[in-house]
Amino acid sequence: MSKKKTITFVVILLILTNILTFGITNMATIKYKDRVIIPKTEYQQLSAAYEKYAKAVNLETYVKENYLREVDDEQLFEGQLKGLFQALEDPYSVYMTKDEFKDFTEHTKGVYGGIGVIVTPGDDNLITVVAPIEGTPGEKAGLKTGDKIIKVEGKEFTADNMDKAVKLMKGKPKTEVNITVLRKDKNGKNQYIDMNIMREEIRLVTVKSSLIDEDIGYIRITSFDELTYEDFKKELNSLMKKNVSGLIVDLRYNPGGLLDVCVNITDEFLDEGIIVYTESRNGERYYEKSTNKYTDIPLIVLINEGSASASEIFAGAIKDRERGLLIGNKTFGKGVVQRIKQMSDGSGFKLTTSEYFTPNGTNIHGIGIEPDIVVDLPEDVEEIGVDNLEQDTQLKTAIEKMKEIIKK
């Protein structure tokens, strides 16, 4: 054998030896009688996992063996998963069972049976009304932004189990549900109000338009769901064909919805630039930008304390880009973004993964967006919009201001 062949043979032998040694010491699992010999690295991983979860396993075993009543294994397991998210102390991060996730996705699709109210976990750990949806049983019953739903069908609920309360409020149309609301009166005293509300099929008609004084267009958007952008485009095109000179977009009591739908609608009014950007804890940024195709028309946006999330993205972009005026009251102040994911078994979760910033780099979470012109509604106003223009001081101000802008 030549010297060259000998060296080649030795190198190959060394490589094979190393591969075999690595495989035997790190990957091989050997069974011997009632024992299993595993690689050291695998043992270390199993040992670390045991130490990490032993407490939970021991507690689960103790509960099953000693709790007064019989324990439902699936319910106990689902409870552990819910606890995982609750430990984050973030009201917007939630684990949902299969049924809960199904109910949740119904909202974004725009059709479900219930009373028509958008709720959120409050800082006081109570279920807080963001806004009743226009024209629904919840609005007709008198629910208001800021109300606290503390009981449903006589059962007490807090924000920790809000999903169960929401599920209970939903149901077949023409069936009744009883809720108890905690509301502050003018003097700051607690009022407890019982409401019997007849459920209806809620088809979220999220966009309505009107023509005011023959040359001012008015579009009200009550939420941003899967159908909203298509409906919005129809209403906008209809108004533009009537040669309106200015447009008022009403986002009052709009609790938000789908980010991509909001971005598409905002894009209709902005030239090329930033609409909003999100930033993760690692500093990773994702930008949503507008194109150069937009409707060039004077614009006023109505906002109030019930305008949240996606509504604030729209309002923030219009304000920062100096595209129009904001009139009304300060917005709700929700500036964090959730990722929604469905698991293979039908369950799912929402997890806060980033916070969003307006084009100028402002995060409004817990703060809200201030209007350019502050106008308060009368406390006893029962309806807003063109059908109650006499009492709707915010809309009246917007119309007056738009007329001034058009005349210039």
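A few remarks follow.
- Cα gyration tensor shape of the chain, rounded if a/c is under 1.5, else prolate or oblate by comparing a/b with b/c: oblate
- Among E230, E383, E284, residue whose mean-square fluctuation peaks in a GNM of the chain (springs only between Cα atoms under 10 Å): E284
- Under the criterion of Cα pairs below 8 Å and six or more residues apart, the relative contact order for the chain equals 12 percent.
- Calculated diffusion of segment 303-355, Stokes-Einstein form, Kirkwood radius summed over Cα pairs, 10 °C and 1.306 mPa s, µm²/s: 123
- Loop-resident sites, segment 117-213, for GluC sites (Glu not before Pro), counting at most 14 other Cβ within 10 Å (DSSP): E153
- GNM flexibility winner over the chain from L389, L247, L259 (Cα, springs under 10 Å): L389
- Shape call, segment 97-203: gyration tensor on alpha carbons, a/c limit 1.5: prolate
- Label-point separation, V63 to R203 (7 Å along Cα→Cβ), nm: 4.4
- Folded to 0 to 90 degrees: helix 393-407 orientation relative to the chain principal axis, Cα: 80
- Interchain or long-range residues, amide H under 5 Å from L326's placed H: V301, D372, I373
- Qualifying lysines (Cα of each under 16 Å from Cα of K330; at least 8 residues distant if same chain): K319
- Exceeding the 32 Å Cα-Cα cut-off - candidates K167/K334; K170/K234; K82/K334; K64/K334; K82/K233: K64/K334; K82/K233
- Counting only DSSP beta bridges with both residues in the chain, the antiparallel share comes to about 75 percent.
- GNM flexibility winner over the chain from D225, D213, D163 (Cα, springs under 10 Å): D213
- On Cα atoms only, tilt of 3-26 relative to the major axis of the chain in degrees: 70
- The calculated 222 nm mean residue ellipticity attributable to helices in the chain amounts to -11000 deg cm²/dmol, summing -39500 (n - 2.57) over DSSP H runs of n ≥ 4 and dividing by all residues.
- Which of L143, L377, L270 has the fewest Cβ neighbours within 10 Å, and the rest in rising order: L377, L270, L143
- Helix 228-241 and the longest principal axis of the C-alpha atoms of the chain enclose an angle of approximately 30°.
All of the numbers you see were taken from the coordinates with simple rules; none came from a lab. These figures come from a predicted structure and were not determined experimentally. Positions of Cβ are generated from backbone atoms using ideal geometry, with glycine treated the same way; all protein chains shown enter the neighbour counts.
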